[in-house]
Amino acid sequence: MIEIEGVRPSAEIRADLAAEGRPVLLAFSCGKDALAAWLAMRADGITVIPYYLYYVPGLHFIEDSLDRFERLFDTTIARYPHPSLYRWLNNLVFQPPERCAIIEAAQLPTPTYEQMLTLIRSDLNLPADTWVADGVRAADSIVRRASIKTHGPAKRRSGKVSAIWDWRKAEVLDRIAAAGIALPVDYEWFGRSFDGIDYRFIEPLSRHAPEDYRRVLDWFPLAELELMRHAV
């Protein structure tokens with residue numbers, strides 16, 4: 001465990017959440033840290049309500065992972081569009097000229113994370129002050145450690161809480177292994193959970209899941225340029 005002077009251990013924070021006796025939302029990316037946070041909160045008696053923000057709608061490998069976790073935890077995982085999807089579309093990322101005018105005419109919103117959380121709480125009929133947990137850890141980077149030291153792992157104003165902020169990677173993997181849960185295929189293909197449409201994700205997707213690769217191109221036709229650019 002990592003210790004930061006003046007910052008309460010995550011075990012104490014989870015105990016407080018459990019004592020409140022209310023459900024806690026979980027930003028579930030299918031990644032190892034979010035999965036470990038889910039396991040930790042569940043072990044402490046917290047009712048976890050997970051949600052997933054998709055970057056590209058309808059990717060089969062994502063849906064397969066979400067379906068598996070739903071069965072494992074006997075819990076529905078709500079799906080919502082990620083703010084990045086709106087941002088990419090509105091910024092015409094990987095869009096051919098003939099689509100630009102259509103996208104601009106659509107006047108799609110560009111919601112913030114905070115706005116999305118407000119909508120998610122409302123859609124799930126949860127109180128506006130429902131906590132939203134994540135798997136952010138201080139050991140991930142100097143920036144995250146500094147943020148946790150400065151602002152703390154539980155921020156009442158935003159309602160965000162980092163449920164395993166003081167865990168190291170080994171603790172995360174040990175907890176997942178103890179539960180007998182395999183990491184999603186993302187880690188085999190990308191080395192991390194899927195969260196972009198650049199070469200790191202597009203190239204492996206084109207080899208391992210060509211149908212999903214074509215699905216990405218349905219939304220972002222010029223993403224294929226990522227493969228061409230690296231082939232030169």
Full extension from E104 to E3: what is 0.36 nm times the residue separation minus their Cα-Cα distance, to one decimal in nm?
31.5 nm
What dipole magnitude, in Debye to the nearest 20, does the chain give about its Cα centre under +1 on Lys/Arg Cβ and -1 on Asp/Glu Cβ?
520
Please find, in a Gaussian network model of the chain (springs between Cα atoms separated by less than 10 Å), the residue of L85, L72, L205 whose mean-square fluctuation is greatest.
L72
Heavy-atom accessible area per residue, the chain, 1.4 Å probe: how many Å²?
52
In the chain, once you exclude exposed GluC sites (Glu not before Pro) (DSSP loop, at most 11 other Cβ within 10 angstrom), what's the longest stretch remaining?
6-232
Taking the inverse of the average 1/r across all pairs of different Cα atoms in region 15-55, what Kirkwood radius in Å do you get?
10.5
Just one of [x] 23.7; [y] 14.0; [z] 12.8 is mean projected area of the Cα convex hull in nm² calculated from these coordinates, so which is it?
[y]
Expressed in nm to one decimal, what extension gain is obtained for the pair R229 and R200 from 0.36 nm per residue of sequence separation less their Cα-Cα distance?
9.2 nm
Using Cα pairs closer than 8 Å and at least 6 residues apart in sequence, work out the relative contact order for the chain, in percent.
25
Once you charge only the Cβ atoms, +1 for Lys and Arg and -1 for Asp and Glu, what is the size of the charge dipole of region 1-136 about its Cα centre, to the nearest 20 debye?
240
Using the Cα centre as the reference, give the magnitude of the dipole from point charges on the C-beta atoms of region 139-202 (Lys, Arg: +1; Asp, Glu: -1; all else neutral), rounded to the nearest 20 debye.
540
Qualifying trypsin sites (Lys or Arg not before Pro) for region 131-175 [loop in DSSP, other Cβ within 10 Å: at most 15]:
R156, R157, R168
Positive-end extreme of charge dipole, region 64-210 - chosen from L66, A101, S193 (charges on Cβ)
S193
Here, T47 and T150, labelled 7 Å along Cα→Cβ, have an inter-label distance in nm of 3.6
Of the candidates L17, L92, L53, which one comes out as most mobile in a Gaussian network treatment of the chain with C-alpha springs shorter than 10 Å?
L92
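The values are calculated or read from the model by the stated rules, or taken from the named source; none is laboratory data. What you see is a predicted model; the values in this text were computed from it and never measured. Neighbour counts run over all protein chains shown; Cβ positions are idealised from the backbone, glycine included. These accessible areas exclude ligands, DNA and RNA; they are computed on the full protein's heavy atoms, side chains included. Shrake-Rupley method; radii C 1.70, N 1.55, O 1.52, S 1.80 Å.
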